[in-house]
Amino acid sequence: MARYIGPKTRIARKFDEAIFGPDRNFEKRKYPPGQHGQNRKRAKISEYGIQLKEKQKAKYTYGLLERQFRNLFQKAQRTKGVTGEVLLQLLESRLDNVVFRLGIAPTRSAARQLVTHRHILVNGEYHNIPSMILRPGDTVSVREKSKSLQVIFEAVRDNKRSRPSWMEWDTHLMTGKFLNRPERAEIPENIKEQLIVELYSK
């Protein structure tokens, strides 16, 4: 299973934004990565460069590789609605992202690992594919034997993120419900999806 496992703070510094969540190292070094990063001003970027950067930011934020992201974009194009918004809705509907949004895992990468290690149930059945797209009404729960796992217990206990309005969560049962796909205004990620659409439309 391919995934990005490189230094995350370096990627966040590249985009000048803490895209992986709170990061003390990023706060200390808010300048471009590399040997001369501190002394180098951020150069003016071309229109294509701006579009590419936005696509890369979305890709790293949600933990997808290039082919996965392109396939999801093509699916968004075939779906009725505004392509950019549909793309973000599909990204938010991925099982690993929903596990993260529910507060079962502290990060998307941790959520991905929980799914692949079969700690998560969807509608009462085991699913170990992080890219699974949930449908409205689907329930996501923690496997009974996994409820005592330290990473899950601490994530639920320490979760300071407010859960989205398009999800329900029962802390006692450790079960969440995917109510509906979110509207664009309900998605907190700082992504300019129209730039991604323009990039793939070239």
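Structural remarks
- When Asn128 is tested against (1) more than 18 Å from the chain's Cα centre (by Cα); (2) closer than 19 Å to Tyr62 by Cα, only condition (1) is not met.
- Entry remark, segment 169-185: residues being surrounded by 14 or more Cβ atoms within 10 Å (Cβ to Cβ) and charged (D, E, K, R) number 2 in total.
- Unmet criterion (only one of (1) touching a helix residue (DSSP H, G or I) at 6+ places or on another chain (Cβ under 8 Å); (2) exposed (fewer than 14 other Cβ atoms within 10 Å of the Cβ)) for Lys160: (1)
- Each residue in segment 52-76 was checked for being touching a residue at least 12 places away in the same chain (Cβ under 8 Å) and assigned to a helix (DSSP H, G or I), and 17 of them qualify.
The rows are residues; the columns are (1) in contact (Cβ under 8 Å) with a residue 24 or more places away in the chain; (2) touching a Ser or Thr at 6+ places or on another chain (Cβ under 9 Å); (3) more than 30 Å from Gly84 (Cα to Cα); (4) among the hydroxyl-bearing types (Ser, Thr, Tyr).
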site	(1), (2), (3), (4)
Ser162	no, no, no, yes
Trp166	no, no, no, no
His172	no, no, yes, no
Arg184	yes, no, no, no
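- In segment 28-68, residue surrounded by the fewest Cβ atoms within 10 Å (Cβ to Cβ) [restricted to those that are touching a Phe, Trp or Tyr at 6+ places or on another chain (Cβ under 7 Å) and at pLDDT below 60]: Gln38
The values are calculated or read from the model by the stated rules, or taken from the named source; none is laboratory data. Every value quoted in this text rests on a predicted model; they were computed, and no experiment measured them. Cβ: placed from backbone, ideal geometry, glycine included. Neighbour counts: every protein chain shown.
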